[in-house]
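Presented below is the structure to which this report refers.
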Amino acid sequence: MRRRPALASLPVTRLPFLEALRGIAALYVVLGHICTLADPRRLLGMTDHAPIWLQTVMRPFAFGHLAVAAFIVISGYCLQLSLFSRADGTIGNLGNFYRRRALRILPAYYACLAFSLIVCVTVTGAHPELSRFLPVNTGTVLSHLFMVHNFSEEWMYKLNGVLWSIAIEAQLYVLFPLLVLSFTRFGRWTTLAGASGLALVAMKFVPHAPKLYPWFLALFVLGMLAAHLAYRPSLKLGSRPILGWIAFLGGAAATVWSVTHGDVLAWGDAAIAVTVAALCFVLTTSEQGALISLVSRPKLVALGGFSYSLYLMHHPILQVVYGLRPTGITGETAIFFYLLAAGLPVVLFGTWLFSLYFERPFMPQRAVTRHELHPGLVPIRLPLKTYHPSRLELAARREAEPAVA
């Protein structure tokens, strides 16, 4: 049987737009929480008391779950992309993989958890409108320590309202090697279908599952698949950015429809996932242009450089700023502008400083050298960008390939 030999790739080129997208998503979440703290009745599920004009201003920032879904897609994209520095696109050493992932998320996570506990005890308890993040007890603390708090609604949003998604991401990291194996054994589309099927089964038959985000598994796999399509395109179709544009526009339209019609949470997340995955594919496979330049601006890339710390730490810092506000600042409008003017700069500076000590030291930068590639394999530059070989060229290439037993 003739089989196409495997191709090795050079180390994957850094894609600044990925950092920028992370930064944009994290900043959106911060702005969303500024809005909820300006009118904390929303945290308790009560009717907004803010003026109509302020509700209109804050309304676009009420969909933080979409930003979290975008994070999950980008995470799957980046993890799969990193594997293409290896010849076969697989995980070389499982122990090293888990060690790097643990160093990437755990030091900052546990430092944030410690700070969040202090804030809960000293600040949150003094404000009944923030009671959603309490109590601090054995169950909430241990579930967060072991990163299983997303398994129960009683633990999920306690202590720090954003840490639930970090638990999900850590669990996806544990599953990632199995997903890579499934891509190899069963194919990328089959793996996506299987992950989507598991999510649907969980939502249908597991109590409370629809509120515990099981569909993030499918979103993560979608990100992996987008990286595959960009860096390992079909030999028949090649890399076709136009298909990515079609998916992007369709996903964006579905996202707008979802947020304007109050659609089910999972379908809104699925729509933004398609949008973000397609955008990553398009920006990876297209030539430099206005859109790439726009989403790769240095300030956005710099923001993305500490987006993990920004996401982790912004809420407890905002609670401190909220709790220490001057006595004359009362009412939704005054609190909103106070948090924008004082809270946002403090959050940005504080989380950047936090990243210097608890995130950046654990982000190893290591390039794959040429001698680490499998012997006998010819490195090629990936992704294939906008070159689309004709069918005659592909047929000639296949004829020229040596037979492999």
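The values are calculated or read from the model by the stated rules, or taken from the named source; none is laboratory data. Fair warning: this is a prediction, and the values are worked out from it, not measured in the lab. Reconstructed Cβ throughout: ideal geometry from the backbone, glycine too, with neighbour counts over all protein chains shown. These area figures cover heavy atoms from the full protein model, side chains too; ligands, DNA and RNA do not enter into them. Shrake-Rupley method; radii C 1.70, N 1.55, O 1.52, S 1.80 Å.
Filtering the range 199-242 down to residues that are among the charged types (D, E, K, R) and in contact (Cβ under 8 Å) with a residue 60 or more places away in the chain, which residue is least open to solvent (accessible area, probe 1.4 Å)?
Ranking the candidates gives Arg232 first.
Phe205 fulfils the conditions (1) within 29 Å of Val148 (Cα to Cα); (2) at pLDDT 95 or above; (3) of a type outside the set (Ser, Thr, Tyr) except for a single criterion, (2). Residues in the range 1-52 that are exposed (fewer than 14 other Cβ atoms within 10 Å of the Cβ) and within 22 Å of the chain's Cα centre (by Cα) were compared, and the one that is modelled with the lowest pLDDT is Thr13.
When residues in the range 130-157 are screened for being open to solvent by 40 Å² or more (accessible area, probe 1.4 Å) and in contact (Cβ under 8 Å) with a residue 12 or more places away in the chain, 12 of them pass. When Phe183 is tested against (1) out of contact with any Pro (no Cβ under 8 Å at 6 or more places or on another chain); (2) of a type in the set (A, V, I, L, M, F, W, C); (3) under 20 Å from Phe71 (Cβ atoms), only condition (3) is not met. Selection over the range 341-362 of residues that are in a helix (DSSP H, G or I), in contact (Cβ under 8 Å) with a residue 60 or more places away in the chain, surrounded by 20 or more Cβ atoms within 10 Å (Cβ to Cβ) and under 21 Å from the mean Cα position of the chain (by Cα) gives a count of 4. Whether any residue in the range 393-405 is at pLDDT 85 or above and either of a type outside the set (A, V, I, L, M) or open to solvent by 40 Å² or more (accessible area, probe 1.4 Å) (or both) is what I want to check. The answer is no, given that none of the residues of the range 393-405 is at pLDDT 85 or above and either of a type outside the set (A, V, I, L, M) or open to solvent by 40 Å² or more (accessible area, probe 1.4 Å) (or both).
Does at least one position in the range 109-126 carry a residue that is open to solvent by 40 Å² or more (accessible area, probe 1.4 Å), of a type outside the set (Asp, Glu) and more than 21 Å from Leu324 (Cβ to Cβ)? Yes, that holds for at least one residue. All of (1) surrounded by fewer than 18 Cβ atoms within 10 Å (Cβ to Cβ); (2) closer than 27 Å to Gly76 by Cα hold for Ala167 with one exception: (1). Please tell me if Leu384 is at pLDDT below 90, in a loop (DSSP other than H, G, I, E, B) and touching a strand residue (DSSP E or B) at 6+ places or on another chain (Cβ under 6 Å). So Leu384 does not fit the description; no.
Counting just the residues of the range 56-103 that are touching a residue at least 40 places away in the same chain (Cβ under 8 Å) and among the polar types (S, T, N, Q), which one comes out surrounded by the fewest Cβ atoms within 10 Å (Cβ to Cβ)? Selected residue: Thr90. Among the conditions (1) outside any loop (DSSP other than H, G, I, E, B); (2) surrounded by fewer than 22 Cβ atoms within 10 Å (Cβ to Cβ), the only one that Cys280 does not satisfy is (2).
Among residues belonging to the range 243-270 that are among the hydroxyl-bearing types (Ser, Thr, Tyr) and in contact (Cβ under 8 Å) with a residue 12 or more places away in the chain, point out the one that is farthest from Leu219 (Cα to Cα). So the residue we want is Ser258. Among the criteria (1) in contact with a His (Cβ under 7 Å, 6 or more places away or on another chain); (2) assigned to a helix (DSSP H, G or I); (3) crowded, with 22+ Cβ neighbours inside 10 Å; (4) not aromatic (Phe, Trp, Tyr), the one Thr191 does not fulfil is (1).
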